[in-house]
Amino acid sequence: MVAQATLLAGSMAPVASSSGRCIGSATALSFRSNLGCTAQFRVQQRTCLRQRELTLQVEDAITRAKKEETVANLVQGLQSSAVVFGMRHERVKVKQLQEFRRKLPEGAKLVVAKNTLMGVAADQVEGWQELKSGFKKENAWVFIGEDCIAESVKAFMDFEAGLLAAIPKEQRASAKPTDISIGVMDNKPLDMAGIKKLEKLPTKAQLITTIAILIKKVPTKVAVAIKQVPTKVAFGVKALADGDEDKARIVGELFPKPATE
């Protein structure tokens, strides 16, 4: 008689090491032969722990490299910006954020990054530590260069108006689809109202044009008098050049009015 075996049952269970870690799986099989004998087999499939650990190390390395890349991008943004503000985005859809990003002018950009990474970047660039006061919730960060401040703020205000327009009128007064957590300019913190005031800030090109127009309007008699005192003119030119580097000073401080007798 030829012996034949019939599978009665099968099950799979995890296999643990002495430390309790799962290192593989085992399959238990039961057979009964036509001779009336029953046999049980246990097949163990062991997972290579070393291979799994190497995989985790590679994943950690990729994550760390990605974080370092993000921090480097944030540092570059801080170094090239005159204004930076954090925008709450938990109620904003990804598509809406992308639309806002497209409407920002050249010289401005939107970056969604963890507060912890922004904190690391702020510690590396002088003048931006105040941003940390807005780290209570996650932010989308808006970086603005000095030549597009007003235009960028207007883009944000238009974006905010568009979000409010999608809300029923009776709810708009209390609605807050987005908000500014913190803004910084010249190492000084700005709230939402302070950021919005920057919409009226003239650009550097506009300021230069205004100064050029004012210079052209200098009376002829003053011009003749200036020609007679070349030393003072040279001093004045140097003062203006130095004043251009010191953004906190105004022309009136460079050329104070003479004291009246």
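Just so it is clear, none of the values below were taken in a lab; they were calculated from the coordinates. All values derive from a computational prediction rather than experimental measurement. Every residue, glycine as well, gets a Cβ built from its backbone with ideal geometry; the counts of neighbours run over all protein chains shown.
Once R0 is set to 30 Å, what does the formula 1/(1 + (r/R0)^6) return for the Cβ-Cβ distance between Val94 and Glu146, expressed as a FRET efficiency to the nearest 0.05?
E(calc), rounded to 0.05, equals 0.50.
Using a basic spin-label model with each label point 7 Å from the Cα along Cα→Cβ, how many nm lie between Ile208 and Lys188?
Roughly 2.5 nm, to one decimal.
Could you check the simple spin-label distance between Gln124 and Met157, using points 7 Å along Cα→Cβ, in nm with one decimal?
3.5 nm
Ranking Asp123, Asp179 by Cβ neighbours within 10 Å, fewest first, what do you get?
Ordered by Cβ neighbours within 10 Å, fewest first: Asp123, Asp179.
In the range 115-172, what GluC sites (Glu not before Pro) fall in a loop by DSSP, with at most 12 other Cβ atoms inside 10 Å?
Glu126
Within the set of other residues whose C-beta is less than 13 Å from the C-beta of Ser80, count the net charge using Lys and Arg as +1 and Asp and Glu as -1.
Result for the local shell: -2.
Holding the Cα-Cα limit at 22 Å, pick out from Lys176/Lys196; Lys103/Lys188; Lys95/Lys132; Lys132/Lys188; Lys95/Lys136; Lys176/Lys204 the pairs that are longer than that.
Lys103/Lys188; Lys95/Lys132; Lys95/Lys136; Lys176/Lys204
Could you compute the net charge surrounding Val120? Neighbours are other residues with a C-beta less than 10 Å from the C-beta of Val120; K and R count +1, D and E count -1.
Value of the local net charge: 0.
Which of Met185, Met192 has the fewest other C-beta atoms within 10 Å, and how do the rest follow up to the most?
Listing Met185, Met192 from fewest to most nearby Cβ atoms yields Met192, Met185.
By how many nm would the segment from Glu138 to Val112 lengthen if fully extended, with 0.36 nm per residue of separation less the alpha-carbon distance?
Full extension from Glu138 to Val112 adds 8.5 nm.
Which value in nm describes the separation of the simple spin-label points at Lys67 and Lys169, placed 7 Å from the Cα toward the beta carbon?
Those two pseudo-labels are separated by 5.1 nm.
If amide H atoms are built 1.01 Å from N in the plane of the peptide, which residues on other chains or at least 5 residues away come under 5 Å of the amide H of Ser181?
Those qualifying (amide H under 5 Å, at least 5 residues apart or on another chain) are Gly86, Met87, Arg88.
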